[in-house]
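To keep things clear, I will list the structure first and then write my remarks on it.
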Amino acid sequence: MSSTVLVTGGAGYIGSHACKALHAGGLTPVVYDNLSRGFEWAVRWGPLEQGDISDQARLEDVIRRYRPIAVMHFAALTYVAESVTSPATYYRTNVGGSLALLEAMRATDVDQIVFSSSCATYAVREGAAPITEDHPQKPINPYGETKLTVERILRSYSDSYGLRAVALRYFNAAGADPEGEIGEAHDPETHLIPLILDAAAKGTRITILGDDYPTPDGTCVRDYVHVSDLADAHLLAWGYINRTPGFHAFNLGTGQGYSNMEILTAARRITGRQIDHEVGPRRSGDSPTLTADPTKALRELLWTPRRSSVADIVGSAWRWRRNLTSV
């Protein structure tokens, strides 16, 4: 039996961490990536096959050569603001590309997929209660719409074609590989923690977007989950669909929220740097509080986020940031 797993977008941030986890689990990740936003240096645990996610013929060729037992699908465009200004590009890549992948899987008899989804599929929640998987899905931007559309396609393929599929709805992925081999390197960078650490490294000022939210310190509260914990969840999800037919969705978060100012305070402590800040205007569409109820993943996937304390997340990201110039 094959021990390979096709990892689309495996040269990216979360995909590369999943590849490392697959390798540690005795599997060989075959990375399929066009390197438009991923990095060749992040492909360390298996072969790289360059190709576009919308190229069904190329996908079929790669699948036939490697005969993977499953697919982990990370390949997507992921900037919310960009999705608002360029929705056609997002639908073409995220939805059209996913359809090309699913048709390539059907043509080559691969029937298991773990999909990188997002909490951006959910409607804005009033209040601070954690979000469960049955919270209404009503995205407020095209990026979230594309993720929800792919989830619906997966459900249809499961019902009609017998596809076994899991959608993992991430909350705020953060941190870096504890061993320092890979980490976050977006261009442009939009995530709070790497922006704070970049300011710490350069001695510049970080802008906190809004301080008048109905939260304890007025700044947004988010549920941060370590990227290596997310990677572990993908292996558990593959094991789950290996024994459980149908379509399934799980939240991946800790259930614990931290405000922007709490993250800044932790970064100051961990880096030993002052990290000056200023307050800017709110970002359109930001919820005051966004946290997961991860009960279903804890119970059914037997997933435990072991590295997702703020100290572990910020500490690993800081170690990576200091090493980034040598990559």
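The values are calculated or read from the model by the stated rules, or taken from the named source; none is laboratory data. Bear in mind the structure is a predicted one, so any value in this text is a computation, not a measurement. Every residue, glycine as well, gets a Cβ built from its backbone with ideal geometry; the counts of neighbours run over all protein chains shown. Please note that ligands, DNA and RNA were not included when accessible areas were found on the heavy atoms of the full protein model with its side chains. Shrake-Rupley method; radii C 1.70, N 1.55, O 1.52, S 1.80 Å.
Close amide H contacts of L163 (hydrogens built in the peptide plane, cut-off under 5 Å, sequence separation of 5 or more or a different chain): S158. Of all lysines in the structure, those lying under 26 Å Cα to Cα from K138, and not within fewer than 8 positions of it along the same chain, are K147, K296. For the stretch 1-120, the dipole from Cβ point charges (+1 on Lys and Arg, -1 on Asp and Glu) about the Cα centre works out to 220 debye, to the nearest 20.
Over the stretch 36-131, give the accessible area per residue in Å² for a 1.4 Å probe, as an integer. Walk me through the numbers on the way to the answer.
Details: 4160 Å² over 96 residues.
Normalised by residue count, the accessible surface of the stretch 36-131 is 43 Å².
The order of H17, H248, H23 by accessible area, most exposed first and with a 1.4 Å probe, is H23, H248, H17.
I need the calculated FRET efficiency for the pair A201 and S156, taking r as the beta carbon distance and R₀ as 41 Å, to the nearest 0.05. It comes out at approximately 0.30.
Let me know the charge dipole size of the chain about its Cα centre in debye, to the nearest 20, where only the beta-carbon of Lys, Arg (+1) and Asp, Glu (-1) is charged.
Details: 32 positive and 37 negative charges, 76 e Å.
Dipole of the chain, to the nearest 20 debye: 360 debye.
In terms of Cα atoms, the Rg and Dmax of the stretch 66-192 work out to 15.8, 48 Å. Counting only alpha carbon atoms, the long axis of helix 56-66 and the longest principal axis of the chain meet at about 80°. Residues considered: R67, R44, R269. Largest GNM mean-square fluctuation over the chain, using C-alpha springs under 10 Å, is found at R269. Out of every Cα-Cα pair in the chain, what percent are more than 24 Å apart? The proportion of pairs with Cα distances above 24 Å equals 52 percent. Distance between the modelled labels on Y79 and T304, one decimal in nanometres: 4.0 nm (7 Å Cα→Cβ projection). Counting only the Cα atoms, the stretch 194-327 fills a convex hull of 133 Å³ per residue. What is the stretch 1-55 by shape, rounded, prolate or oblate, if you read a ≥ b ≥ c off the alpha carbon gyration tensor as root eigenvalues and call it rounded for a/c under 1.5, prolate for a/b larger than b/c, and oblate otherwise? The shape class here is oblate. Calculated accessible area for the stretch 225-280 comes out at 37 Å² per residue, all protein chains present (probe 1.4 Å; ligands, DNA, RNA ignored).
Since only N94, P29, V110 are under comparison, the one whose Cα sits farthest along the positive direction of the charge dipole of the stretch 1-155, derived from C-beta charges on Lys, Arg, Asp and Glu, is P29.
Computed over protein heavy atoms with a 1.4 Å probe, the carbon and sulfur contribution to the accessible area of the stretch 2-143 reaches 52%. Carbon-plus-sulfur accessible fraction, the stretch 150-299 (probe radius 1.4 Å, protein heavy atoms only): 47%. Solvent exposure of R322, expressed as accessible area, is near 140 Å², computed with a probe of 1.4 Å over the protein chains only. Counting only heavy atoms of the protein chains and using a 1.4 Å probe, F247 has close to 30 Å² of accessible surface. Rounded to the nearest 500, the helix-only mean residue ellipticity at 222 nm of the chain stands at -11000 deg cm²/dmol, with each DSSP H run of n ≥ 4 adding -39,500 (n - 2.57).
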